[in-house]
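Input: a single structure, listed below in structure tokens.
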Amino acid sequence: MKFTVNNGELSLFLAGRVDSVSAPAVEAEIEKIRSETAHTSVTLDADDLEYISSAGLRIVLRLRKNEPTLRVINASAEVYEIFEMTGFIEMIPVEKGYRKLSVEGCESIGKGANGEVFRLDPDTIIKVYLNPDSLPDIKRERDLARRAFVLGVPTAIPYDVVKVGAGYGSVFELLNAKSLATLIAENPDKLDEYVGIYVDLMKKIHSTEVRPEDMPDMKEVGVNWAKFLLPYLPEKTGAKLVSLVEGIRDDNHMLHGDYHIKNVMIQNGEALLIDMDTLCHGHRVFELASMFNAYVGFLELDHDMANRFLGVPYETCLAIWEKTLHLYLGTTDPAEIAAVEKRAMVIGYTRLMRREIRRGALDTEQGRAKTEYYKSKIIALVDEVDTLDF
């Protein structure tokens, strides 16, 4: 029998069938492990348990007499039903397991820092988290999505948590929905129409006020980005950068935090947000900075990244960014647009430079070249702007 010990918790992994034939050997093995392994509590992990009979249940009862804090986890629906029908759930904590799904061969809709979204079938998508210990992250994203939905922001609500390999995923029902990225790739002649939908939803998000305690403060995050770069920038530039970000006015309006065309789905003519783990509040310059990176900054040193990341050519990304600024700001004045764009670029390049350094860029020639490029952009931009507000 497989077992592990973590901080005094002895986990025993039940597998196959525990019935009248196998029960004596299973119980003997459990007692052997218990007697030879120092522990403070015992957990029975039923993830691979297919069936448990009355003989197996009596093992659990006897074990509980010696281990008062005994609990059962990861019970399948069938195994949980046995525990429930026999009244065991009233005596011993029994937690249901997560159904298992595979994304092998599924279309990848988008990939971010925390996970990748796949289409399981025409009606369903799943976000698979990169961190195998992601259950707290999943709960947080579900809570954020519900808060946005209650406030009137159209978003896909996850309805199930599943196991995907060694990790976890959230399942969403999106009936025959397509991302804006897919629609733009399929219908490039409708770019203006799709950007209009994109900007309308963006305005809806940014007009939604939230309680500050319900979502992270993007300004606080941005100040930390700027302070991180202090050792890597000229002293004068670094000090002004921090001052600029600290000077952004506080704002309790909602931001998506990763607003690009792969995170907007169209279902029956309605635009829906997905990938809500970046939801936050703050000044809209932070949203524009994230969007600048998605359409320009992240791609400008490798134009082919546009197709790999968003599924459209780099030229289309530039057009989306330009058209979005015009529509969102409600002006065609080049000077006014350029002024706002520069403010977004300050934060965008700050984030990109920090990202490269944290990923070990200074250890490679290519990484150092990218870092120097972003550094040069920050130095020039910080010298040109006196505020990041607009």
Check: Name the residues in region 34-79 that are open to solvent by 10 Å² or more (accessible area, probe 1.4 Å), in contact with a Lys or Arg (Cβ under 9 Å, 6 or more places away or on another chain) and part of a helix (DSSP H, G or I), would you?
Finding: N66, A77
Check: Counting only residues that are surrounded by 13 or more Cβ atoms within 10 Å (Cβ to Cβ) and free of Cβ contacts under 8 Å to residues at least 24 places away in the same chain, how many does region 116-131 have?
Finding: 3
Notebook entry, point to check: Taking the condition in contact (Cβ under 8 Å) with a residue 60 or more places away in the chain, more than 16 Å from the chain's Cα centre (by Cα) and buried (at least 22 other Cβ atoms within 10 Å of the Cβ), does F286 pass?
Noted result: yes
Checklist line | Matching helices (runs of 4 or more DSSP H) fully within region 223-319 where at least 2 residues are aromatic (F, W, Y) and closer than 15 Å to V346 by Cβ | finding: 284-292
Notebook entry, point to check: Between residues in region 318-341 that are within 22 Å of F298 (Cβ to Cβ) and at pLDDT 95 or above and residues that are of a type in the set (S, T, N, Q) and outside any helix (DSSP H, G or I), which pairs lie under 8 Å by C-beta distance while being six or more apart or on different chains?
Noted result: H326/T332; I337/T331
Note to self: Which pairs turn up if I take residues in region 54-82 that are under 12 Å from V94 (Cβ atoms) and look for partners that are of a type in the set (K, R) and part of a helix (DSSP H, G or I) with beta carbon separation below 6 Å, at least 6 apart in sequence or on another chain?
What the structure shows: L70/R64
Checklist line | Hey, D19 in contact (Cβ under 8 Å) with a residue 40 or more places away in the chain, farther than 30 Å from L175 by Cα and open to solvent by 20 Å² or more (accessible area, probe 1.4 Å) or not | finding: no
Item checked: From A380, A319, A339, residue being crowded, with 17+ Cβ neighbours inside 10 Å and of a type in the set (G, A, S) -> A319
Next item on the list: Could you list, in sequence order, all residues of region 250-262 that are out of contact with any Phe, Trp or Tyr (no Cβ under 9 Å at 6 or more places or on another chain), open to solvent by 10 Å² or more (accessible area, probe 1.4 Å) and in contact (Cβ under 8 Å) with a residue 40 or more places away in the chain?
Entry: N252, H253, D258
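The values are calculated or read from the model by the stated rules, or taken from the named source; none is laboratory data. None of the values given here were measured: they were computed from a predicted structure. Cβ atoms come from the backbone with ideal geometry, glycine included; neighbour counts cover every protein chain shown. Heads up: the accessible areas ignore ligands, DNA and RNA and are worked out on the full protein's heavy atoms, side chains in. Shrake-Rupley method; radii C 1.70, N 1.55, O 1.52, S 1.80 Å.
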